[in-house]
1. Could you list, in sequence order, the residues of the range 16-50 that are of a type in the set (Asp, Glu) and either touching a strand residue (DSSP E or B) at 6+ places or on another chain (Cβ under 7 Å) or surrounded by 12 or more Cβ atoms within 10 Å (Cβ to Cβ) (or both)?
2. Would you point out the residue of the range 62-105, among those that are of a type in the set (Gly, Ala, Ser) and under 28 Å from LYS36 (Cα atoms), that is surrounded by the most Cβ atoms within 10 Å (Cβ to Cβ)?
3. Residue check, MET53 against (1) within 17 Å of the chain's Cα centre (by Cα); (2) closer than 17 Å to SER80 by Cβ; (3) in contact (Cβ under 8 Å) with a residue 12 or more places away in the chain; (4) surrounded by 11 or more Cβ atoms within 10 Å (Cβ to Cβ), all met but one. Which one?
4. Residue check: is SER48 over 17 Å from LEU2 (Cα atoms) and part of a helix (DSSP H, G or I)?
5. Considering only the range 1-31, state which residues are aliphatic (A, V, I, L, M), closer than 16 Å to MET91 by Cα and either in a loop (DSSP other than H, G, I, E, B) or in contact (Cβ under 8 Å) with a residue 24 or more places away in the chain (or both).
Amino acid sequence: MLVGLGTKNSILIVDFTNQLKAEGKPYRQAIIEASKGRMRPILMTTLSMAIGMLPIALATGTSAEWKNGLAWVIIGGLLSSLILTVFLVPMVYYGVDRVKEKLKIKN
């Protein structure tokens, strides 16, 4: 579940960036606009899932001990996935695009 959500969010950012580049925008501006445009849906999805897991994480009923741990792991994974998706993916995309531009200039 966590890998699927993180992958989906990353793919959406990269796809939106590629669409903006195809429209003729410079790659840096396209990355910034794509990241800003996808930030709200990514935040809404991740935070709604994390908040939805809080009742399970805070439960105190019978046999809730093993569910609590799993819920906290999922919440932590969602929040770390959010940070990696929002910050790391655009930075790596920018770095790869810069290298591709430099290789085009040399050739």
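Throughout, read-outs are computed from the coordinates displayed, never taken from laboratory work. Quick caveat: nothing in here was measured; it's all calculated off a predicted structure. Don't worry about glycine lacking a Cβ; one is built from the backbone with ideal geometry, like all the others, and counts go over all protein chains shown.
1. At the first step, the residues of the range 16-50 found to be of a type in the set (Asp, Glu) are 23, 33.
Matches in the range 16-50: GLU33 only.
2. Let us first name the residues in the range 62-105 that are of a type in the set (Gly, Ala, Ser), namely 63-64, 69, 71, 76-77, 80-81, 95.
Restricting the remaining residues to those that are under 28 Å from LYS36 (Cα atoms) gives 76-77, 80-81, 95.
Numbers: GLY76: 12, GLY77: 16, SER80: 12, SER81: 20, GLY95: 10.
For the range 62-105, the residue satisfying everything is SER81.
3. Here MET53 meets the rest and fails (1).
4. Numbers: over 17 Å from LEU2 (Cα atoms): no; part of a helix (DSSP H, G or I): yes.
No, not satisfied.
5. Keep residues of the range 1-31 that are aliphatic (A, V, I, L, M), which gives 1-3, 5, 11-14, 20, 22, 30-31.
Remaining after also requiring closer than 16 Å to MET91 by Cα: 11-14, 30-31.
Across the range 1-31, the qualifying residues are LEU12, ILE13, VAL14, ILE31.
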